[in-house]
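*Asks:* Sharing a structure, written as structure tokens. Questions coming.
The values are calculated or read from the model by the stated rules, or taken from the named source; none is laboratory data. Keep in mind the model is a prediction, meaning the values are calculated, not measured. Virtual Cβ from ideal backbone geometry, glycine too; neighbours counted across all protein chains shown.
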Amino acid sequence: MVFFDETYFNGKWEIINPPRSTQGSLSIEKTQETFKCVWSLDVAPKQDYFGIGMLVGRKLYVSRFIQQDTGNCLMPLGGVCTYKPIGDQRSLAVLWAGTDNFYSLGSGIAIRRERSESFEGSYEVRYFLRENEDRFELKIKHAKSKNLYSLNWARKEQPLLHGIGMIMDGQMVIAWGELTVKWEVMILEFENKEGFSLLKCKRVAQRSNLVCEEVFERSESTMHTDGRYAVY
């Protein structure tokens, strides 16, 4: 039997798999309903990546971007979300998080006119966060790779946001945000192996059809000692 607490993702993880050019660390911190993720790579030129994540089941879905040195601390507008088909083949249930309301999860619904088993199509989307509501026109297009999609949000045909989506467990996991920023969608999954804690990662960036895989390791000695995680 496995007992799992969402805060177990917290802490510092080291990248251990090749290629060696991606060596560095990942720090994860639970912040109310979302997760703050920061990558520091140990190669030149040094680049820090910043991400926002949300836990769905036992997988951590993350949207990340390169932290630009612009002289201010403002983050670009963006985030992570999932689109899950509802039974009528016209609607998608939405769960999302964004950098403008970093600590909270929102919900939503996307609806199109035609019925289809495919995610592709034109949707009207309504997003909800507490008492607030936002509406967009959304177009989803299939990318060259089998399970990858490109997304574009607009109002009155004026492009506002873009994103990249990857299919996982029957739903689409999406990194979305400002048009001037290149976003990556990442899926992190925990594995315990021979006394070590591992995070297995799949990630893909916009304008790329290549899904990269990475492995992060943390010593078992850094696990929670209060019983929130145990394996029998």
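*Asks:* Could you list, in sequence order, all residues of the stretch 151-168 that are surrounded by fewer than 17 Cβ atoms within 10 Å (Cβ to Cβ) and either over 14 Å from Val204 (Cα atoms) or over 17 Å from the mean Cα position of the chain (by Cα) (or both)? Walk me through it before giving the result.
*Replies:* First pass over the stretch 151-168, keeping only residues surrounded by fewer than 17 Cβ atoms within 10 Å (Cβ to Cβ): 154-160, 167.
Hits for the stretch 151-168 are Ala154, Arg155, Lys156, Glu157, Gln158, Pro159, Leu160.
*Asks:* Scan the stretch 18-38 and give yes if some residue there is modelled with pLDDT under 95, β-branched (Val, Ile, Thr) and assigned to a loop (DSSP other than H, G, I, E, B), otherwise no.
*Replies:* There is no residue in the stretch 18-38 that is modelled with pLDDT under 95, β-branched (Val, Ile, Thr) and assigned to a loop (DSSP other than H, G, I, E, B).
*Asks:* Further question: Report, by residue number, each residue of the stretch 85-94 that is buried (at least 16 other Cβ atoms within 10 Å of the Cβ) and assigned to a strand (DSSP E or B).
*Replies:* Initially, the stretch 85-94 is screened for residues buried (at least 16 other Cβ atoms within 10 Å of the Cβ), giving 85, 90-92, 94.
Within the stretch 85-94, Pro85, Ser91, Leu92, Val94 meet the criteria.
*Asks:* Please go through the stretch 199-212 and give me each residue that is out of contact with any Leu (no Cβ under 8 Å at 6 or more places or on another chain), part of a strand (DSSP E or B) and over 16 Å from Gly24 (Cβ atoms), ordered by number. Explain how you work it out, then say what you get.
*Replies:* We begin by selecting, within the stretch 199-212, every residue out of contact with any Leu (no Cβ under 8 Å at 6 or more places or on another chain); these are 202-203, 205-208, 210, 212.
Those still in the list that are part of a strand (DSSP E or B) too: 202-203, 205, 212.
Lys202, Ala205, listed by residue number.
*Asks:* Considering only the stretch 141-150, I want to know if a residue exists there that is part of a strand (DSSP E or B), within 20 Å of Gln206 (Cα to Cα) and more than 15 Å from the chain's Cα centre (by Cα).
*Replies:* Just the residues of the stretch 141-150 that are part of a strand (DSSP E or B), to begin with: 141-142, 148-150.
After this cut, where a residue has to be within 20 Å of Gln206 (Cα to Cα) as well, the list is 141-142, 148-150.
Narrowing further to those that are more than 15 Å from the chain's Cα centre (by Cα): 141-142.
Checked the stretch 141-150: at least one residue is part of a strand (DSSP E or B), within 20 Å of Gln206 (Cα to Cα) and more than 15 Å from the chain's Cα centre (by Cα).
*Asks:* Where the second residue is modelled with pLDDT under 95 and surrounded by 16 or more Cβ atoms within 10 Å (Cβ to Cβ) and the first is within 13 Å of Ser63 (Cβ to Cβ) and lies in the stretch 82-107, which pairs have Cβ atoms under 6 Å and are six or more apart or on separate chains?
*Replies:* Filtered contacts from the stretch 82-107: Thr99/Met75.
*Asks:* If we scan the stretch 95-108, do we find a residue that is in a strand (DSSP E or B) and β-branched (Val, Ile, Thr)?
*Replies:* No, the stretch 95-108 has no match at all.
*Asks:* A further question on this structure: If you go through the stretch 171-203 one residue at a time, how many are more than 26 Å from Asp134 (Cβ to Cβ) and not acidic (Asp, Glu)? Give the derivation first.
*Replies:* Going through the stretch 171-203, the residues more than 26 Å from Asp134 (Cβ to Cβ) turn out to be 188-203.
In the following step, the residues that additionally are not acidic (Asp, Glu) were identified as 188, 190, 192-193, 195-203.
The qualifying residues number 13.
*Asks:* Quickly run through the stretch 124-153 and pick out the residues that are in contact (Cβ under 8 Å) with a residue 24 or more places away in the chain and over 17 Å from Ala175 (Cα atoms).
*Replies:* Leu129, Arg130, Lys144
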